[in-house]
Amino acid sequence: MIRDYISARWIKTNKVYTETSEKQVYYFSMEFLLGRILNTNLINTGLLDTCQTALAELGIDLAGLEQQEPDAGLGNGGLGRLAACFLDSMAALGLPGHGTGIRYKYGLFEQRIVDQQQVELPDNWLKDGYIWEYRKADKAVTVKFGGTVQMRRINGRLTFEHSGFEAVRAVPYDVPIIGYGNNTVNTLRLWNAEPIQAEFDLACFNRGEYLKAVEYKHWVERVSMILYPDDNYDEGRSLRLRQQYFFVSAGVQSIIRRFKKTGLPIRQLADKVAIHINDTHPAVAIPELMRILLDEEGLSWDAAWDITTRTVSYTNHTIMPEALEKWPEVMFKAQLPRIYLIVEEINKRYCNEVLTKCFCRQEQLAGIAIIAGGNINMAHLAVVGSHSVNGVAAIHTEILKKHLLQPFYQLHPGKFNNKTNGITHRRWLIKANPGLARLLNDTIGECWIKHPGDLINVLQYRDDPAFKQQIAAVKQHNKALLASYIKNKYGLTIDPCAIFDVQIKRIHAYKRQLLNIFHIMDLYNRLRQDPACDIVPRTFIFAGKAAPGYYIAKQVIKLINMLAEQINRDPVIREKIKVVFLENYSVSLGELVFPAADVSEQISTASKEASGTGNMKFMMNGALTIGTLDGANVEIKNAVGAENIFIFGLTAEEVMTFYRQGGYSVWDVYNKDERLKTILNQLINGSVRGAQEEFRSLYDSLLYNNDEYFVLKDFSAYVDAQTLLDNAFRDQAGWLGSSIHNIAKAGIFSSDRSIREYADDIWKIRPVIIPG
Ligand code: 26V
């Protein structure tokens, strides 16, 4: 019904976009972590109440019905969820902006905990069909891999003939992206890889080469089969490169096809089209656009380059060295021979330009070259081929300018800018926390929904005892909901009055779940020593997936689960602390957990977390942050003030100084802190029940591998901050004031704000009103 309801608007939106020929942006991303969209579609169309009532009359519970929708998990974590929030905001703001990605048959794996360890199961999310997608077979295009390129000079002009390639048919599946309170319906176009029917198959069949034909089909379908489950880790897999070129080439071809229907000359492309690349994963869009402009449109190199760089913009999402994409030249050349030649030419011309303009000396070239040491550096390609490069939080952008991309910043300072991340308050507040949304409406009116900055209006109730009671009641209700989920799923009873202290995110050494665990172990040791020890009861809640091949991260999951088992059953500590690991973290699970949290753990090693967006989801739902000065935590602190957040630990500058010195002296810290000695020994002496040598690898990574992420170094400051937090929670009036303060200041972290900045500063696009 909702599909039919919006279909006329969808057609109308496309018609208006075509007729007005307004500039449109295409957000290219390997990942879109949509989650379920029935409920948010109901919110955005204004049909939620009507549907809820009508269904109730039929004896159907909407919430139960919603569970039938698969949770579209076409992303790993922050980068993919950001893309989904951005689509929602573009539509809400009436901006002509669309997503371009891959229709993975299998999304991010389903995580189960079996014998306290992570087990991965395939996420066959399409098995019962996906109600929101529309296959558009008539819009299919062909993408070519492999083969050879013949260069010829015809009438004085170089031409490139690509032959012997293997062709893949890219078929788009369109998903409507519905705007809030307007008539805009934008499009998320996901590309599916299919065999080119006709000749090849038939020829094979006719020759009786049945097996060969089937092999070809499988080879082709592999391209859009599965989302790579690594987050912040690049393995340089050739199938991933094929995935990248597959959706990028299909996407760019379809943009050009659409543009040409306007009848405008191709030279005006950048006036009508912006292509944004979400990290370097779609960076082959730069040479692909060059290929089309050169080989198919017959433009000169300079004209094509001018159009390309004015069309493309790039966001960097990580400075982790192991996540920066570098493709071996040999692999790249074999897969994409024509694209390789173009990248080679871009590199040659860029290096020449920099040298001839005396911007740098020969020996400095390696720092900016796109091709060096047998690899293609995709971040360098992305910077050189775009007109805008942005980081995702103030501190992250500064690190890009001063460190990771420093030589480029020297050469082109004007390209660099910051766009602090955001989250859609429609999903993360209105949908996830209806109780809070209602209370806000009753208190400050509904204007914050259209203008999230208006959340600031609740600040005047910061010290209002009646309002505090209402805020407390909402939180209590959400905590009870989570407690009952935990009871039903795991049979574990948790006290809704305890502090709910939550760390939910991918499991990664730099995010330091281990630091959180060490605080828990320290508390547990204190309670074992003195069961009367005066601490506020706490429930520590974890959730998150580890990349299947990431051994250390999997050990962390195992350690959490083993500790949970031991602590939750220990009668001596009288239920003062509990530990829960929620399996299969997903968008839907997040919607249950964020509203129930009192404490938000954002404890990455300073300088490592580009932004974080979970931090914003917690804040918007009234949790207080305990965190380092990393990513957007810095801006959260500036927004709420030091009194309403618990900041601890090394600063990014200090961390980077230590790195330059080759680390810090781990043993000094260890020897001076009895608590740490105890905890570390407990990892290897059988204290963690059932484990003897099990956690030696974790122990070694800290003591014998230089504690790369400063867990031991920050431990003492973290425990001190936790003690302050424990004290602060005892003063409920003060705590609720801070909670209200956090909600009031959360408006700037709406992705509507982020998207407005992208639209105004980078894409230069304007809202287009779609009449009803
Ligand atoms: C990188 C790679 C490298 C190649 C193999 C597969 C793979 C998959 C995902 C990624 C993305 C890593 C970057 C990332 O997710 N960054 C996160 O972006 C969030 C949105 O900007 C930000 O809030 C997080 O701090 C940042 O870690």
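Residues in the stretch 464-511 that are out of contact with any Asp or Glu (no Cβ under 8 Å at 6 or more places or on another chain) and polar (S, T, N, Q) were compared, and the one that is most open to solvent (accessible area, probe 1.4 Å) is ASN488.
For ALA532, the conditions (1) over 27 Å from the mean Cα position of the chain (by Cα); (2) within 28 Å of GLY77 (Cβ to Cβ); (3) in a loop (DSSP other than H, G, I, E, B); (4) not hydroxyl-bearing (Ser, Thr, Tyr) are fulfilled apart from (2). I'd like to know if the stretch 538-549 contains one or more residues that are in contact with an Asp or Glu (Cβ under 8 Å, 6 or more places away or on another chain), within 24 Å of PHE715 (Cα to Cα) and β-branched (Val, Ile, Thr). Yes, the stretch 538-549 contains a residue that is in contact with an Asp or Glu (Cβ under 8 Å, 6 or more places away or on another chain), within 24 Å of PHE715 (Cα to Cα) and β-branched (Val, Ile, Thr).
Taking every residue in the stretch 312-325 that is free of Cβ contacts under 8 Å to residues at least 40 places away in the same chain and pairing it with any residue that is of a type in the set (S, T, N, Q) and within 7 Å of the ligand (Cβ to nearest atom), at least 6 positions away or on another chain, yields no pair with a Cβ-Cβ distance below 8 Å.
If I filter the stretch 611-628 for residues that are aliphatic (A, V, I, L, M) and open to solvent by 10 Å² or more (accessible area, probe 1.4 Å), do I get at least one hit? Can you show your working first?
Step one: list which residues in the stretch 611-628 are aliphatic (A, V, I, L, M), which gives 616, 619-620, 623-624, 626.
Right, trim to open to solvent by 10 Å² or more (accessible area, probe 1.4 Å) and you get none.
No, there is no match, as no residue in the stretch 611-628 is aliphatic (A, V, I, L, M) and open to solvent by 10 Å² or more (accessible area, probe 1.4 Å).
Cβ separations smaller than 6 Å between residues 6+ apart or across chains give the following pairs from the stretch 26-45 residues that are farther than 16 Å from PHE247 by Cβ to residues that are of a type in the set (Phe, Trp, Tyr): ASN44/TYR180.
Of all residues in the stretch 499-529, those that are within 29 Å of GLU110 (Cβ to Cβ) and either of a type in the set (D, E, K, R) or part of a loop (DSSP other than H, G, I, E, B) (or both) total 7.
Checked against (1) at pLDDT 95 or above; (2) part of a helix (DSSP H, G or I); (3) more than 33 Å from the chain's Cα centre (by Cα), GLN364 passes all but a single condition, namely (1).
Return yes when TRP763 is open to solvent by less than 60 Å² (accessible area, probe 1.4 Å) and under 29 Å from the mean Cα position of the chain (by Cα) and no when it is not. Talk me through it step by step, then tell me what you get.
Values: open to solvent by less than 60 Å² (accessible area, probe 1.4 Å): yes; under 29 Å from the mean Cα position of the chain (by Cα): yes.
For TRP763, the condition - open to solvent by less than 60 Å² (accessible area, probe 1.4 Å) and under 29 Å from the mean Cα position of the chain (by Cα) - is met.
Just the residues that are surrounded by 24 or more Cβ atoms within 10 Å (Cβ to Cβ), in a strand (DSSP E or B) and more than 11 Å from the ligand (Cβ to nearest atom), please, taken from the stretch 386-405. Scanning the stretch 386-405 gives a single hit, VAL389.
Looking at the structure I just gave you, is GLU133 open to solvent by 10 Å² or more (accessible area, probe 1.4 Å) and over 30 Å from LYS511 (Cα atoms)?
On the way: open to solvent by 10 Å² or more (accessible area, probe 1.4 Å): yes; over 30 Å from LYS511 (Cα atoms): yes.
The answer is yes for GLU133.
Is it true that some residue in the stretch 82-96 is under 25 Å from GLU120 (Cα atoms), part of a helix (DSSP H, G or I) and either of a type in the set (S, T, N, Q) or open to solvent by 10 Å² or more (accessible area, probe 1.4 Å) (or both)?
No: zero hits.
Within the stretch 568-578, one or more residues are of a type in the set (A, V, I, L, M, F, W, C) and either farther than 24 Å from ALA717 by Cβ or surrounded by fewer than 21 Cβ atoms within 10 Å (Cβ to Cβ) (or both).
Could you go through the stretch 573-580 and let me know if any residue there is assigned to a loop (DSSP other than H, G, I, E, B), acidic (Asp, Glu) and over 20 Å from ALA480 (Cα atoms). So that I can check it myself, show each step before the final result.
Residues of the stretch 573-580 assigned to a loop (DSSP other than H, G, I, E, B): 574-576.
Checking the rest, the ones that are also acidic (Asp, Glu) come to 575.
Now drop any that are not over 20 Å from ALA480 (Cα atoms), which leaves none.
Checking the stretch 573-580: not a single residue is assigned to a loop (DSSP other than H, G, I, E, B), acidic (Asp, Glu) and over 20 Å from ALA480 (Cα atoms).
Looking across PRO537, PRO548, PRO531, one residue alone is closer than 24 Å to ILE645 by Cβ and at pLDDT 95 or above. It is PRO537. Scan the stretch 23-74 for residues that are under 30 Å from THR311 (Cα atoms) and among the basic types (Lys, Arg) and the total you get is 1.
One line per residue, one yes/no per condition, for (1) outside any helix (DSSP H, G or I); (2) touching a helix residue (DSSP H, G or I) at 6+ places or on another chain (Cβ under 9 Å); (3) at pLDDT 95 or above:
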position	(1), (2), (3)
VAL688	yes, yes, no
ASP707	yes, yes, yes
LEU724	no, no, yes
ASN727	no, no, yes
ALA733	no, yes, yes
ASN742	no, yes, yes
GLU757	no, no, yes
ASP760	no, no, yes
VAL768	yes, yes, yes
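Out of the residues in the stretch 29-57 meeting the condition of being in a helix (DSSP H, G or I) and among the aliphatic types (A, V, I, L, M), tell me which one is farthest from GLY94 (Cα to Cα). This residue is ALA56.
The combined condition, being open to solvent by less than 10 Å² (accessible area, probe 1.4 Å), farther than 26 Å from VAL185 by Cβ and touching a Phe, Trp or Tyr at 6+ places or on another chain (Cβ under 8 Å), is fulfilled by ILE740.
For the stretch 220-244, a residue qualifies if it is closer than 19 Å to THR142 by Cα, in contact with a strand residue (DSSP E or B) (Cβ under 8 Å, 6 or more places away or on another chain) and either of a type in the set (Val, Ile, Thr) or surrounded by fewer than 18 Cβ atoms within 10 Å (Cβ to Cβ) (or both), and the qualifying residues are VAL220, GLU221, ARG222, VAL223, MET225. Restricted to the stretch 253-355, the set of helices (runs of 4 or more DSSP H) holding at least 2 residues that are open to solvent by 20 Å² or more (accessible area, probe 1.4 Å) and over 29 Å from GLY156 (Cβ atoms) comprises 269-272, 329-335.
Residues of the stretch 68-81 being touching a residue at least 24 places away in the same chain (Cβ under 8 Å), assigned to a loop (DSSP other than H, G, I, E, B) and more than 16 Å from the ligand (Cβ to nearest atom), which ones?
Step one: of the stretch 68-81, the residues touching a residue at least 24 places away in the same chain (Cβ under 8 Å) are 69-81.
Restricting the remaining residues to those that are assigned to a loop (DSSP other than H, G, I, E, B) gives 69-71, 75-77.
Those that are touching a residue at least 24 places away in the same chain (Cβ under 8 Å), assigned to a loop (DSSP other than H, G, I, E, B) and more than 16 Å from the ligand (Cβ to nearest atom): GLU69, PRO70, ASP71.
The values are calculated or read from the model by the stated rules, or taken from the named source; none is laboratory data. Nothing here was measured: the structure is a model prediction, and the numbers come from that model. Reconstructed Cβ throughout: ideal geometry from the backbone, glycine too, with neighbour counts over all protein chains shown. For the accessible areas, the whole protein counts, side chains as well, though only heavy atoms, and no ligand, DNA or RNA atoms are used. Shrake-Rupley method; radii C 1.70, N 1.55, O 1.52, S 1.80 Å.
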